[in-house]
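The values are calculated or read from the model by the stated rules, or taken from the named source; none is laboratory data. The structure displayed is predicted, hence computed values, not measured ones. Methodologically, a virtual Cβ is constructed for each residue, glycine included, from the backbone with ideal geometry; neighbour enumeration extends over all protein chains shown. Just the protein is used for accessible areas: all its heavy atoms, side chains included, with ligands, DNA and RNA removed. Shrake-Rupley method; radii C 1.70, N 1.55, O 1.52, S 1.80 Å.
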Amino acid sequence: MAIPFNKPHLTGKEAHYMYQAVYNGKLSGNGEFTKKCQSFFEGRYGFRKCLLTTSGTDALEMCAMLCELQRGDEVIIPSYTFVSTALAFLREGAKVVFADSMKRNPNLDAETLESLITPRTRVIVPVHYAGVACDMDAIMTVAKKHNLLVVEDAAQAVDSYYKGRPLGGIGHLAAFSFHETKNITAGGEGGLLVVNDERFVRRAEIIWEKGTNRAEFFRGEVNKYGWVDMGSSFLPAEINAAFLWAQLENLDEIQDKRKQLWQRYYELLQPLSERGLFCLPDIPKYASNNAHMFYLTLPDLDTRTALIRHLKENDILAVFHYLSLHSSAYYADKHDGRELPNCDRYADTLVRLPMYYDLSIEDVEHICKVIGEGVA
Ligand SMILES: *Cc1c(COP(=O)(O)O)cnc(C)c1O
């Protein structure tokens, strides 16, 4: 039997809660399950205000709208990320300034930030790659000095920490994803906007509700509601929130199992990494590991291609990840020409191994044995 790269996990309660949502008679968004999910995040992590969205991309788009950018305002984003990180800001008329990754891991290199800041810079968007924290103290210090907003792309970073502080709770705003490839899912697609800065709370609710102040009306704060601002339809239906609720109830168990698998990969692959055949993932001292991903970096593109092929021949699906956004078909001619060598290196050499809840320790042992034969 082939080992896939990813497989969404079912806790067993999803269908039950979805059934309940349907028979509650409230199918649209912002019902009982949506509120339960939002309260879970606000309670467990101390996030000021949480709003469920239909995707992580949508949550990023809400962040970008909340930043109130003017055409030509600049937003600093790592080039080694998913398209949505950049797209959300580009749609608001921003100019995206791509930053390089660190040498040690794919996260944005905070040391290069100062050199990228101009009088037009408004926002920095750190992406916590593989759920491993960016150096948030360094990033927040630069942001404060230049009066910039920080939007965390925490799409992969559920239940992960920076110096004990939950990711998604440090920047002014943050976005999580519950796509089926993430640690927990809202039934395929889903996301969460986190508002940490009080200034954005009211407007976030309005944008979420198609530019209306309906949320205030439902709370009895105003006696009628109407069109007061920009907005769109960002709420997921209740059946998606119900699915997510089943996953949230089992979050600790899901995280524990993923961490065990991750740890086993690390132990078994360490001897090969010590022989210089590849590098293991880097978790800085300030960062926790939420076991979103297990990746290796190979010496070059050819050795990576050979390893992926070798694994495929043995029915194991391993996949590379992002292509540098600064040299993408859509953005290459808009990029300012700066070289981003660390980003390009990760684009060429990083490979992700199978990682999902239903993977067994025996599967991991088998995969590591096949890797050993492939790189020897
Ligand atoms: C998954 C992901 C997104 C997009 O989330 P969706 O829910 O798929 O829209 C954005 N940024 C990063 C870093 C991601 O990993």
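For this structure, a couple of remarks:
- Where residue 83 falls short, out of the listed (1) closer than 30 Å to residue 319 by Cβ; (2) more than 15 Å from the ligand (Cβ to nearest atom); (3) at pLDDT 95 or above: (2)
- Residue pairs meeting the criteria (Cβ under 6 Å; at least 6 apart or on separate chains; first over 19 Å from residue 55 (Cβ atoms), in region 160-189; second within 12 Å of the ligand (Cβ to nearest atom) and among the small types (Gly, Ala, Ser)): 160/131
- Residue list for region 39-58, filter: buried (at least 20 other Cβ atoms within 10 Å of the Cβ) and in a helix (DSSP H, G or I): 41, 56, 57, 58
- The set of residues from region 152-172 being within 17 Å of residue 142 (Cβ to Cβ) and hydrophobic (A, V, I, L, M, F, W, C) comprises just one member, 170.
- Considering 330, 346, 322, 286, the condition of being closer than 30 Å to residue 115 by Cα and open to solvent by less than 10 Å² (accessible area, probe 1.4 Å) is satisfied by 346 alone.
- Tally, over region 33-45, of residues that are touching a strand residue (DSSP E or B) at 6+ places or on another chain (Cβ under 7 Å) and either closer than 14 Å to residue 168 by Cβ or within 16 Å of the ligand (Cβ to nearest atom) (or both): 5
- Candidates 155, 241, 246, 175, filtered to the one that is within 16 Å of the ligand (Cβ to nearest atom), in contact with a helix residue (DSSP H, G or I) (Cβ under 6 Å, 6 or more places away or on another chain) and closer than 26 Å to residue 359 by Cβ: 155
- When 68, 92, 61 are checked against the criterion of being open to solvent by 10 Å² or more (accessible area, probe 1.4 Å) and outside any loop (DSSP other than H, G, I, E, B), a single residue qualifies: 61.
- Condition check for residue 137: open to solvent by 10 Å² or more (accessible area, probe 1.4 Å) and in a helix (DSSP H, G or I): yes
- Of the criteria (1) small (Gly, Ala, Ser); (2) more than 9 Å from the ligand (Cβ to nearest atom); (3) over 20 Å from residue 105 (Cα atoms); (4) crowded, with 24+ Cβ neighbours inside 10 Å, which one residue 187 fails: (4)
- Residue within region 121-132 that is within 16 Å of the ligand (Cβ to nearest atom), in contact with a strand residue (DSSP E or B) (Cβ under 6 Å, 6 or more places away or on another chain) and aromatic (Phe, Trp, Tyr) present: no
- Of the residues making up region 177-234, those that are assigned to a loop (DSSP other than H, G, I, E, B), within 27 Å of residue 249 (Cα to Cα) and among the β-branched types (Val, Ile, Thr) are 181, 184, 185.
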